[in-house]
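The values are calculated or read from the model by the stated rules, or taken from the named source; none is laboratory data. As the structure is a computational prediction, the values presented were derived from the model and not from experiment. So basically every Cβ, Gly included, is an ideal-geometry build from the backbone, and we count neighbours across all protein chains shown.
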Amino acid sequence: MTVTALPPLLMSEAEVASRVEALAKSIAPRIDDETVAICLLTGGIWFGADLTRALARQGRMVRFDALWLSSYRDERARLGRCEVRADLQRPLAGRKALILDDVFDTGLSLSESVRLVADAGASEVWTAVFARKPWPEQRAIEPDFVAWEAPARFLVGYGMDDAGAWRGLPYIGAMD
């Protein structure tokens, strides 16, 4: 694939960083140092890394784990179900868990991850997403913490992708 033009900017790198810092300030009082931050792969890596560092600046030294769910398979159309590609590695029994994801669309991935984390014995399960997109239908779950109310556009950058491309952009752009 040849990339000729960068997607138009919706949110700058500086604004992304500012929103992550603000989110960490709102999350820090609700968690403790035994909390396990669970990054949903692969899109949540950028947000997960930035948020856990921002939580450290707030005095919260959370544990870290990842859960790899797939509902797209490098396509724009969802599969309608989640596949678990890699499960949790850290014990959760009796600990708080904070699930981190880049974007909240239908809620399918977040709902499935909450179920899996609760089944693993977490005492409390919190969810945080960088971007929440509007959705025409009611979703089964809503995130506990949201950094940005995103427009109903096809977003790329800061972990969000188009068939695997554009994830590494430090800003958020739109492909539509």
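Got a sec? Which of Asp144, Asp162, Asp176 is farther than 18 Å from Thr106 by Cα and either at pLDDT 95 or above or not β-branched (Val, Ile, Thr) (or both)?
The match here is Asp176.
Looking only at region 105-141, count every residue that is of a type in the set (A, V, I, L, M, F, W, C), within 21 Å of Met160 (Cβ to Cβ) and under 16 Å from the mean Cα position of the chain (by Cα) and tell me the total.
Residues flagged as of a type in the set (A, V, I, L, M, F, W, C), within 21 Å of Met160 (Cβ to Cβ) and under 16 Å from the mean Cα position of the chain (by Cα) within region 105-141 amount to 8.
Residues are listed down the side, and each one gets a yes or a no for (1) within 18 Å of Trp126 (Cβ to Cβ); (2) at pLDDT below 95; (3) surrounded by fewer than 18 Cβ atoms within 10 Å (Cβ to Cβ):
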| residue | (1), (2), (3) |
| --- | --- |
| Ser18 | no, no, yes |
| Ala22 | yes, no, yes |
| Ser26 | yes, no, yes |
| Gly48 | yes, no, no |
| Thr52 | yes, no, no |
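Quick check on region 102-114. Is at least one of its residues at pLDDT 95 or above, outside any strand (DSSP E or B) and buried (at least 19 other Cβ atoms within 10 Å of the Cβ)?
Yes.
Go through region 16-58 and give me each residue that's in contact (Cβ under 8 Å) with a residue 24 or more places away in the chain, out of contact with any strand residue (DSSP E or B) (no Cβ under 8 Å at 6 or more places or on another chain) and either within 13 Å of Ile172 (Cα to Cα) or part of a helix (DSSP H, G or I) (or both).
Selection gives Ala17, Glu21, Ala24, Lys25, Ala28, Asp50, Ala54, Arg57.
Yes or no: region 117-127 includes at least one residue that is touching a residue at least 60 places away in the same chain (Cβ under 8 Å) and assigned to a helix (DSSP H, G or I).
The answer is yes; a qualifying residue exists.
Scan region 134-147 and tell me whether some residue there is in contact with a Gly (Cβ under 6 Å, 6 or more places away or on another chain), of a type outside the set (Asp, Glu), touching a residue at least 40 places away in the same chain (Cβ under 8 Å) and within 20 Å of Phe64 (Cα to Cα).
No, region 134-147 contains no residue that is in contact with a Gly (Cβ under 6 Å, 6 or more places away or on another chain), of a type outside the set (Asp, Glu), touching a residue at least 40 places away in the same chain (Cβ under 8 Å) and within 20 Å of Phe64 (Cα to Cα).
Residues of region 1-15 being in a helix (DSSP H, G or I) and not charged (D, E, K, R), which ones?
Ala14
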